[in-house]
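The values are calculated or read from the model by the stated rules, or taken from the named source; none is laboratory data. Predicted model, so just to flag it, every value in this text is computed and none were measured. Here the Cβ is made from the backbone with ideal geometry for all residues, glycine too, and neighbour counts use every protein chain on show. Side chains are part of the model used for accessible areas, which takes the heavy atoms of the whole protein and leaves out ligands, DNA and RNA. Shrake-Rupley method; radii C 1.70, N 1.55, O 1.52, S 1.80 Å.
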Amino acid sequence: MWATAVGVARVRALETERENALFRDPLAQAFAAAGGLWPSSPPPEDEAARRRRLAVSFSIVIRTKFLDDVLRQASASGVRQVVLLGAGMDSRAFRMDWPEGTRLFEVDTAAPLDFKASVLRQERAVARCERITVAVDLREDWPAALAAAGHDPAAPTVWIAEGLLIYLPEDAVELLLARISAQSAAGSRMGLTLGSRGVIERLGVDAVPGSAASMWVSEMPDDPVAWLAGHGWEAVSNTLRECAAAYGRPISTPPQREERPGGLISAVRR
């Protein structure tokens, strides 16, 4: 599945080239090129497939900006531990400004981390904080591996799960959140992306086998704020439409149905 992370890097590389980019990711093009996705165009597709691809790409851009903001707010509040779950080709350790003393843990399986390391060596990339990779499958005892790598659960942490939970069955999502909560001191923060209700029916059902959308299995609860409150988090739910408008990228088409709570979540541990 980690090849989808290279696809995300391609989207970020294209955004980086825009004059009014919502973020700049100088490493994204290198990740996409090493994975064979740059600068080649997507394969021929019908109009419905093209619309799906553009919708997914747009959501990746908006969620990247949203989670950048979550991380900046966490840093401003004094949080100095960052954990990226399913880190993929995330380059925030290299492209964002971090306060002194920040430790950033990238948790993923060995294959994407090894691929990423080879590209980082090639690019002579230098992290702007202490960056620690933790090679472990999130289905295994990743909290133990994270602790062995130096994570301190007694200090606040900001957790990021970007484009991850939609690939996990509901019981695995619950387990992941329980484990995050158990490692989170008061004042910890979290940024999540959840599959909005109905997104699998709209974009995943007819997706090409093997594509990212074809592997989506879980959507957000009907009330994500209440769900997270049950785990001890005070959360705010944002729709893609709300965030896009706030970032100067309004969605021009009207909502096709009553919009439910959104899948861009920021939360604070109380």
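Relative contact order for the chain: what percent, with Cα pairs under 8 Å and sequence separation of 6 or more?
17 percent
Using a 1.4 Å probe over the heavy atoms of the protein chains, calculate the carbon and sulfur portion of the accessible area of the range 60-269 as a whole percent.
51 percent
So, in nm, how far is label residue 21 from label residue 49 when the simple model puts each one 7 Å beyond its Cα toward the Cβ?
Those two pseudo-labels are separated by 2.9 nm.
Most fluctuating residue of 112, 254, 99 in a GNM of the chain with Cα springs under 10 Å: which is it?
Highest fluctuation among the options: 254.
If you take every residue apart from residue 84 with its C-beta less than 9 Å away from the C-beta of residue 84, what net charge results, scoring Lys and Arg +1 and Asp and Glu -1?
Surrounding charge for residue 84 is -3.
Kindly work out what percent of the DSSP beta bridges joining two residues of the chain are antiparallel, to the nearest 5.
40 percent
Counting only heavy atoms of the protein chains, get the accessible area per residue of the chain (1.4 Å probe) and round it to a whole Å² value.
48 Å²
What is the gain in length, in nm to one decimal, between residue 226 and residue 178 on full extension, counting 0.36 nm per residue of separation less the C-alpha to C-alpha distance?
Extending this stretch completely gives an extra 15.8 nm.
So what is the 222 nm mean residue ellipticity for the chain from helices alone, if each DSSP H run of at least 4 adds -39500 (n - 2.57) and you divide by all residues, rounding to the nearest 500 deg cm²/dmol?
When only DSSP H runs of four or more count, the value is -11500 deg cm²/dmol.
Hey, got the dipole for the chain? About the Cα centre, +1 on K and R Cβ, -1 on D and E Cβ, debye to the nearest 20?
Using only the charged Cβ atoms, the result is roughly 660 debye.
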